[in-house]
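The values are calculated or read from the model by the stated rules, or taken from the named source; none is laboratory data. Treat the numbers as computed from the prediction; the structure is a model and nothing was measured. Using ideal geometry, Cβ is built from the backbone for each residue, glycine included, and neighbour counts are taken over all protein chains shown. Side chains are part of the model used for accessible areas, which takes the heavy atoms of the whole protein and leaves out ligands, DNA and RNA. Shrake-Rupley method; radii C 1.70, N 1.55, O 1.52, S 1.80 Å.
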Amino acid sequence: MKKNTRYNLLIALSYSIVLIAGMILGIKFIKDQGFGVQRSPQLANTNSEKLDEILHIINKNYVDEINTDSLHNLPIDSVLHQLDPHSVYLPPTDAQDMTDNLEGNFEGVGIEYYMLNDTMMVTGVVKDGPAYQAGIKLGDKILSIDSTMVSGRMLPKDQLTGRFRGKSGTGVGVVLLHNGSTQPNRIMVTRGKVNISSIDAAYMINNETGYVRISKFGANTDSDFSAAAANLKAKGMKKLILDLRDNGGGYFTAATGLADQFLPENKLIVYTQGKHEPRTDYFSTGTGAFQNGKLAILINENTASASEIVAGAIQDLGRGIIVGRRSFGKGLVQEQFAFNDGSALNLTIARYYTPSGRSIQKSYKKGYDAYKHELDERMMDGELTGDRTSFKDSIEKAEGVNVNIPKRIKPVGGIQPDVFVKLDTAGYNRFYSTLVSKKILSDYVFNILTFRYSAAFVEQNINTFNISDNDFKDFIGFMQRRNVPIDRFQLYNSKAIILNDLKALLCRYYLGDVGYYKAANQSDNAVKQALANLQ
């Protein structure tokens, strides 16, 4: 539980959204670069030939000196394991998927669905996308796709997702029940390009403060942000909370482009350097959409790479405050080398440094350095109190050495926030985790709450209404009907979280991601700290 925020856990596990035909939200730690894709000049017909080509690329481009003579007899993955955790080999399908995810557009129909009681229920429709234009609506039940029954069959996720994917211009036949109807309806959806913004949510959190959450750094992130900022400024935005929590990165150029939105002209944003890459400086242009207002950036332990470039620049240049917990610590730059068979090598070619010259890359070495880094993380995040001696003993036992641990170790890796917000674990117990993993929360929302609360009510009262005690009592009955063993003590210990989560999921159903964050942020400690500091 400590490794993920409530939002990430709910969306990933409880909500169990399968993002259809281009609704995939992004993949972490890939292609964090702005140098383009290089094509290998030769087609490697065998693994041996491809390994030779990879070793040649490593010799010419890797960030550090590496002796490849001893690597010739190893498998490709084993070779890359000798380098760093972010240099990876991608099979053709993975390479294409990763590129498409960051480009921000996909070929498909543009819906989200949830398997409710063995039935495929539509929980999101991309506005103006193919499904939207064909008349598919929120709450519709999809019975079959191209004459194949998909509801009531417990088909694997990949079989369901794949049935909507295909080339633009091709058709897919769907039989569905519109919400409230008893007669099935057959429609044809013509697949097309589905454009997905990298902005999860953008709204006014109060009369003068905007909130923008970015999930990844894709090809259009800076332009997406510019459009969102213009809209919020028209509504009176003078201050901004930029939420980069759980943002694992993306394109290097998207990061510099976003940082540029906040800075005056000719400020150093970041610089890169490696053994084969001379120092390259990246400066602001002074054309950004939010250069003057107060700024707070939210980060956590899953904020990485491109996100850390933005946070590091804002912190070093004194442009805003950083709120949250220390970031992941990925200060390496990858370039993608594509092979003719569609596979690719993502290779670390440089390190990046913040304007003050900081490298935020955390240690990825094994042994004592890893223990030391773990100790440092626990100290800086306020998790290590009276167990210094036992932790020291565990290091010495594992390493067979005497360790002299100072009372305070300088932070290794990541961006240390200006305002630290300790991870709140109250109520996150085993019973709550069971509810999330078994999808009980979202099942209750879709089976019960969507019939009690209308879309109009939720939209008009999102800032004031709460899930009632009667709803909570009915939730207990719902769990009993589902034969969920109830631990009363843990249940009531988690009551506040459960009620907040039920509201957030209900708001997401009717209002999309922006509804989810509008509801969840009302009780978010990091958001509250950011608001207080922006005053």
Only one residue in Arg186, Arg245, Arg213, Arg191 is among the basic types (Lys, Arg), touching a residue at least 60 places away in the same chain (Cβ under 8 Å) and farther than 28 Å from Glu301 by Cα. Which one?
Arg191
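So that you can scan it fast, the table gives a plain yes or no per residue for (1) crowded, with 18+ Cβ neighbours inside 10 Å; (2) in contact (Cβ under 8 Å) with a residue 60 or more places away in the chain; (3) of a type in the set (A, V, I, L, M):
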site: Asn266; (1), (2), (3): no, no, no
site: Lys275; (1), (2), (3): no, yes, no
site: Pro278; (1), (2), (3): no, no, no
site: Tyr282; (1), (2), (3): yes, no, no
site: Thr287; (1), (2), (3): no, no, no
site: Phe290; (1), (2), (3): yes, yes, no
site: Ala296; (1), (2), (3): yes, yes, yes
site: Asn300; (1), (2), (3): yes, yes, no
site: Thr303; (1), (2), (3): yes, yes, no
Is it fair to say Ser168 is within 23 Å of the chain's Cα centre (by Cα) and closer than 30 Å to Asp224 by Cα?
no
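Each row is one residue, and each column tells you yes or no for (1) out of contact with any strand residue (DSSP E or B) (no Cβ under 8 Å at 6 or more places or on another chain); (2) buried (at least 18 other Cβ atoms within 10 Å of the Cβ); (3) more than 30 Å from Ser215 (Cβ to Cβ); (4) modelled with pLDDT of 65 or more.
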position: Lys28; (1), (2), (3), (4): yes, no, no, no
position: Gln33; (1), (2), (3), (4): no, yes, no, no
position: Gln42; (1), (2), (3), (4): yes, no, yes, no
position: Lys50; (1), (2), (3), (4): yes, yes, yes, yes
position: Ile66; (1), (2), (3), (4): yes, no, yes, yes
position: Asp69; (1), (2), (3), (4): yes, no, yes, yes
position: Ser87; (1), (2), (3), (4): no, yes, no, yes
position: Leu90; (1), (2), (3), (4): no, yes, no, yes
position: Asp97; (1), (2), (3), (4): yes, no, no, yes
Would it be correct to say that Ala219 is under 30 Å from Thr303 (Cβ atoms), buried (at least 20 other Cβ atoms within 10 Å of the Cβ) and small (Gly, Ala, Ser)?
no
In this structure, is Thr287 modelled with pLDDT of 95 or more and in a loop (DSSP other than H, G, I, E, B)?
yes
For the subset of the stretch 512-528 comprising residues that are part of a helix (DSSP H, G or I) and in contact with a Phe, Trp or Tyr (Cβ under 9 Å, 6 or more places away or on another chain), which member is most open to solvent (accessible area, probe 1.4 Å)?
Lys518
Of all residues in the stretch 462-492, count the ones that are among the basic types (Lys, Arg) and touching a residue at least 24 places away in the same chain (Cβ under 8 Å).
1
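Check the stretch 369-377 and report whether any residue there is acidic (Asp, Glu), open to solvent by 50 Å² or more (accessible area, probe 1.4 Å), within 27 Å of the chain's Cα centre (by Cα) and at pLDDT 50 or above. I'd like the intermediate steps shown before the answer.
Residues of the stretch 369-377 acidic (Asp, Glu): 369, 374, 376-377.
Of the ones still in play, those that are also open to solvent by 50 Å² or more (accessible area, probe 1.4 Å) are 369, 374, 377.
Those left that are additionally within 27 Å of the chain's Cα centre (by Cα): 374, 377.
Going one step further and asking which of them are at pLDDT 50 or above, we end up with 374, 377.
The answer is yes, given that some residue of the stretch 369-377 is acidic (Asp, Glu), open to solvent by 50 Å² or more (accessible area, probe 1.4 Å), within 27 Å of the chain's Cα centre (by Cα) and at pLDDT 50 or above.
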Scan the stretch 216-229 and report the pairs whose first residue is under 18 Å from Ala306 (Cα atoms) and whose second residue is assigned to a strand (DSSP E or B) and small (Gly, Ala, Ser), with Cβ atoms within less than 8 Å and a gap of 6+ or a chain change.
Lys216/Gly250; Phe217/Gly250; Gly218/Gly250; Thr221/Gly250
Kindly evaluate Val126 against the criterion of being touching a residue at least 60 places away in the same chain (Cβ under 8 Å), open to solvent by less than 50 Å² (accessible area, probe 1.4 Å) and farther than 25 Å from Ala234 by Cα.
no
Considering only residues that are more than 20 Å from the chain's Cα centre (by Cα) and assigned to a strand (DSSP E or B), which ones fall in the stretch 215-239?
Lys239
Please state which of the following conditions Tyr251 fails to meet, knowing it meets all the rest: (1) among the aromatic types (Phe, Trp, Tyr); (2) out of contact with any Leu (no Cβ under 8 Å at 6 or more places or on another chain); (3) closer than 26 Å to Gly318 by Cα.
(2)
Could you grab the pairs with beta carbons closer than 7 Å, sequence gap of 6+ or different chains, first residue in the stretch 438-452 and within 18 Å of Leu511 (Cβ to Cβ), second one open to solvent by 10 Å² or more (accessible area, probe 1.4 Å) and assigned to a loop (DSSP other than H, G, I, E, B)?
Ser442/Ser16
Select from the stretch 422-433 the residues that are surrounded by fewer than 15 Cβ atoms within 10 Å (Cβ to Cβ) and of a type outside the set (Gly, Ala, Ser) and write down the one among them that is farthest from the chain's Cα centre (by Cα).
Arg430
Tally the residues that are under 31 Å from the mean Cα position of the chain (by Cα), in a loop (DSSP other than H, G, I, E, B) and of a type outside the set (S, T, N, Q), restricting the search to the stretch 171-204.
2
Check whether at least one residue in the stretch 324-331 is open to solvent by less than 10 Å² (accessible area, probe 1.4 Å), in contact with a strand residue (DSSP E or B) (Cβ under 7 Å, 6 or more places away or on another chain) and either among the basic types (Lys, Arg) or farther than 18 Å from Ile241 by Cα (or both), and report yes or no.
yes
Of Gly152, Gly173, Gly162, Gly166, the only residue that is closer than 15 Å to Asp118 by Cβ and either open to solvent by less than 60 Å² (accessible area, probe 1.4 Å) or of a type in the set (Asp, Glu) (or both) is Gly152
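Listed here are the residues, each with its yes/no results for (1) out of contact with any helix residue (DSSP H, G or I) (no Cβ under 9 Å at 6 or more places or on another chain); (2) assigned to a loop (DSSP other than H, G, I, E, B); (3) at pLDDT 90 or above; (4) over 30 Å from Phe328 (Cα atoms).
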| site | (1), (2), (3), (4) |
| --- | --- |
| Val79 | no, no, no, no |
| Glu107 | no, no, no, yes |
| Met120 | no, no, yes, yes |
| Leu155 | yes, yes, no, yes |
